[in-house]
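The values are calculated or read from the model by the stated rules, or taken from the named source; none is laboratory data. Since the model is a prediction, treat every value here as computed from it, not as a measurement. Positions of Cβ are backbone-derived with ideal geometry, glycine not excepted, and every protein chain shown enters the neighbour counts. We work out accessible area using only protein heavy atoms, side chains counted, and drop any ligands, DNA or RNA first. Shrake-Rupley method; radii C 1.70, N 1.55, O 1.52, S 1.80 Å.
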Amino acid sequence: ERLEAYDRDAITGTVLFEQRLSERLSAFAGPTVDFGRSGPPDGNLSPYQIAGLTFGGRYDGTDSLLDPSRGWRANGAITPSWSFSTSAPFAPLRTTGSTYWDVLGNRRSILAARGTLGSLMGAQLADVPRHLRFYAGGGGSVRGYDYQSIGPRDERNRPSGGGSLVEASLEWRQRVWGDIGAVAFVDAGSVGSSSAPEFSNLRVGAGLGVRYHTPIGPIRADVGVPLVKQRDSSNFGLYVGIGQAF
């Protein structure tokens, strides 16, 4: 059984204005509104009304969008917001960075690393709807764990989201023969109940994958297993997509 984190019925809108500052660096900003109802799965949904302003930027110094072998990239955004339903301010912050090393200089052996930090600054967790809280687990997060399954739980053992997020990934990418490649990876992540990073519920997953390199980017398939077991979670995860995992 998949553990759903929340139910939601909402109308949202975001308008972002992006300014390219250089070939590799850009900044963006714009208003966002989010009105609706959110709450635990199969439970009572609480109404909320939120408005905010998003400010962020991104830098990409890598040599490829879908299959980087060298360089680094980073992106981040903060959205100072006001919750009209609880008369409370808060500011979700999330930033991610990754770097890539071409170990042998021939694009056949790549060591890749990624890290993510998130914080609901200035917020009491109860004042933030479930869908705006932090979650971890799944293909774009900690492989081997169910989607959004890492972090605080409610009285029904359903993921309820947290106020902070820490994630890290390390991946070895190796060309094996022609367009066929293989990867080995380790992912780790933790979601805390406060806005400061916490590691009491750190979860670690590891696994292997294959890559078929095409002119538009690699097709990937990864299998991950949880190294730290948790209740009601699967024993492995299968993830398929286009482009590298990060």
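Sorted on the mean count of surrounding Cβ atoms within 10 Å across their residues, most packed first, peptides 182-189, 158-165 read 158-165, 182-189.
Springs between Cα atoms under 10 Å define the GNM used for the chain, and in it the highest mean-square fluctuation of Val191, Val210, Val228 occurs at Val228. Per atom type, the chain shows carbon and sulfur on 60% of its accessible surface, probed at 1.4 Å. Using only side-chain charges placed at the Cβ, +1 for Lys and Arg and -1 for Asp and Glu, the dipole size of the chain relative to its Cα centre rounds to 480 debye.
Just the ratio, please: alpha-carbon radius of gyration of segment 75-200 over 2.2 N^0.38 Å, N its number of residues.
Cα Rg divided by the expected 2.2 N^0.38 Å: 1.28.
Computed with a 1.4 Å probe over protein heavy atoms only, the accessible surface of the chain comes to 51 Å² per residue. For segment 1-114, the alpha-carbon radius of gyration amounts to 1.45 times the rule-of-thumb value 2.2 N^0.38 Å expected for a compact globular protein.
Counted residue by residue at 0.36 nm each, then reduced by the alpha carbon distance between them, the extension gain from Glu18 to Gln230 reaches 72.2 nm.
Label zone (Val204, point 7 Å along Cα-to-C-beta; backbone nitrogen cut-off 14 Å) within segment 145-169: 168-169.
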